[in-house]
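The values are calculated or read from the model by the stated rules, or taken from the named source; none is laboratory data. This one's a predicted model, so the numbers in the text were calculated from it and none came from an experiment. Glycine also receives a Cβ, built like all others from the backbone with ideal geometry; neighbour counts cover every protein chain displayed. Note: areas computed on protein heavy atoms with side chains; ligands, DNA, RNA excluded. Shrake-Rupley method; radii C 1.70, N 1.55, O 1.52, S 1.80 Å.
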Amino acid sequence: AVVNAFKHAWNGYRKYAWGHDHLKPISKGAQNWFGLGLTIVDSLDTMLVMNLKDEFDEAKDWVASSLNFSINKDVNLFETTIRVLGGLLSTFHISGDNVFLERAKDLGQRLMGAFTSASGIPYSDVNLKSTRGHAPKWSPDSSTSEVTTIQLEFRDLSRCSKEPQFEDAATRISTIIHDLEKTDGLVPIFINANSA
């Protein structure tokens, strides 16, 4: 029943929103937040677990030929890390296919632009093409929970790629956060990447 439910949702996405981030099921249209095929990347590891080989192979071909990170688009570091970087890495671990690791390394290098602040705390947003990090338009701050929740993916990317800069950046966040002054053991919910 779970597999059938997945296939029903997947077929709707495939028919009406292929390559876009999300399906709009009522209007049968597509929606883009980042323009990174979020539904495809989010679904890769699930398809492997469900043994949906045909669906996986088609999605893998899209990742290999159409997933483009060189776009002039500002993305949220946290969301892109947990959904796209995490999705590629988990699929690499399950499948062993290097195409997913190579795509993860490309994305990871671009996301490193968020870590260019003076403090080492990453900016909340980063432009994928220019790799320039910046605060969101509505606030100079980053969300503490967001910048500290990217540890797993960045550490894993370093360990899979044998490139230490990703884990080093994540470790620097942990060190800064643990050294902050605390109120009743808690740090603030926002942190300024320029002055942390």
Quiz item: Are any residues in the stretch 49-74 in a helix (DSSP H, G or I) and surrounded by fewer than 19 Cβ atoms within 10 Å (Cβ to Cβ), and if so, which ones?
Solution: VAL49, LYS53, ASP54, ASP57, GLU58, ASP61, TRP62, ALA64, SER65
Quiz item: Within the set of pairs 6+ apart or on separate chains, which have a first residue in the stretch 16-44 that is over 19 Å from ILE82 (Cβ atoms), a second that is open to solvent by 50 Å² or more (accessible area, probe 1.4 Å) and among the aromatic types (Phe, Trp, Tyr), and C-beta atoms under 9 Å apart?
Solution: LEU23/TYR16; LYS24/TYR16; PRO25/TYR16; SER27/TYR16; LYS28/TYR16; GLY29/TYR16; ALA30/TYR16; ALA30/TRP18
Quiz item: Taking LEU88 and the conditions (1) under 15 Å from SER161 (Cβ atoms); (2) in contact with a strand residue (DSSP E or B) (Cβ under 9 Å, 6 or more places away or on another chain), which numbered condition does it fall short on, given that it satisfies the others?
Solution: (2)
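Answer yes if at least one residue in the stretch 106-129 is within 20 Å of ASN32 (Cα to Cα), surrounded by fewer than 17 Cβ atoms within 10 Å (Cβ to Cβ) and modelled with pLDDT of 95 or more, and no otherwise. Show your work before the answer.
We begin by selecting, within the stretch 106-129, every residue within 20 Å of ASN32 (Cα to Cα); these are 107, 110-111, 124-129.
Right, trim to surrounded by fewer than 17 Cβ atoms within 10 Å (Cβ to Cβ) and you get 129.
Keeping just the survivors that are modelled with pLDDT of 95 or more gives 129.
Checking the stretch 106-129: at least one residue is within 20 Å of ASN32 (Cα to Cα), surrounded by fewer than 17 Cβ atoms within 10 Å (Cβ to Cβ) and modelled with pLDDT of 95 or more.
Would you mind stating whether ILE40 is open to solvent by 10 Å² or more (accessible area, probe 1.4 Å), among the β-branched types (Val, Ile, Thr) and not in a strand (DSSP E or B)? Spell out how you get there, then give the answer.
Numbers: open to solvent by 10 Å² or more (accessible area, probe 1.4 Å): no; among the β-branched types (Val, Ile, Thr): yes; not in a strand (DSSP E or B): yes.
No, not satisfied.
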Self-check item: Tally of residues being buried (at least 17 other Cβ atoms within 10 Å of the Cβ) and farther than 15 Å from PRO188 by Cβ across the stretch 132-151
Solution: 3
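It is to be established whether one or more residues within the stretch 84-93 are open to solvent by 20 Å² or more (accessible area, probe 1.4 Å) and over 12 Å from the mean Cα position of the chain (by Cα).
Taking the stretch 84-93 and keeping what is open to solvent by 20 Å² or more (accessible area, probe 1.4 Å), we get 90, 92-93.
Still in the running and over 12 Å from the mean Cα position of the chain (by Cα): 92-93.
Within the stretch 84-93 (the criterion being open to solvent by 20 Å² or more (accessible area, probe 1.4 Å) and over 12 Å from the mean Cα position of the chain (by Cα)), the answer is yes, since at least one residue qualifies.
Please find, among GLY86, GLY35, GLY120, the residue that is in a loop (DSSP other than H, G, I, E, B) and touching a helix residue (DSSP H, G or I) at 6+ places or on another chain (Cβ under 6 Å). Working first, answer last.
Working: GLY86 fails: in a loop (DSSP other than H, G, I, E, B); GLY35 fails: touching a helix residue (DSSP H, G or I) at 6+ places or on another chain (Cβ under 6 Å).
One residue alone meets the criteria, GLY120.
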Exercise. Mind listing whichever residues of the stretch 59-77 are in contact with a strand residue (DSSP E or B) (Cβ under 7 Å, 6 or more places away or on another chain) and among the hydrophobic types (A, V, I, L, M, F, W, C)?
Key: VAL75, LEU77
Quiz item: Which condition breaks for ALA5 when tested against (1) surrounded by fewer than 17 Cβ atoms within 10 Å (Cβ to Cβ); (2) assigned to a helix (DSSP H, G or I); (3) in contact (Cβ under 8 Å) with a residue 24 or more places away in the chain?
Solution: (3)
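Among the residues of the stretch 134-171, how many are outside any helix (DSSP H, G or I) and under 15 Å from the mean Cα position of the chain (by Cα)?
Restricting attention to the stretch 134-171, the residues satisfying the condition of being outside any helix (DSSP H, G or I) are 134-143, 149-150, 162-164.
Remaining after also requiring under 15 Å from the mean Cα position of the chain (by Cα): 149-150.
Total satisfying the criteria: 2.
Which residue is most open to solvent (accessible area, probe 1.4 Å), if the candidates are limited to the stretch 172-195 and must be part of a helix (DSSP H, G or I) and of a type in the set (S, T, N, Q)? So that I can check it myself, show each step before the final result.
From the stretch 172-195, those part of a helix (DSSP H, G or I) are 172-179; that's our starting set.
Among the residues that remain, those that are also of a type in the set (S, T, N, Q) are: 174-175.
Working: SER174: 32, THR175: 73 Å².
Among those residues, the one meeting the criterion is THR175.
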Quiz item: With (1) farther than 19 Å from LEU44 by Cβ; (2) in contact with an Asp or Glu (Cβ under 8 Å, 6 or more places away or on another chain); (3) crowded, with 24+ Cβ neighbours inside 10 Å; (4) not aliphatic (A, V, I, L, M) as the list, and THR81 as the residue in question, which single condition is left unmet?
Solution: (1)
Quiz item: Within the bounds of the stretch 15-26, is there any residue that is at pLDDT 95 or above, of a type in the set (A, V, I, L, M), in contact with a strand residue (DSSP E or B) (Cβ under 7 Å, 6 or more places away or on another chain) and closer than 20 Å to PHE100 by Cβ?
Solution: no
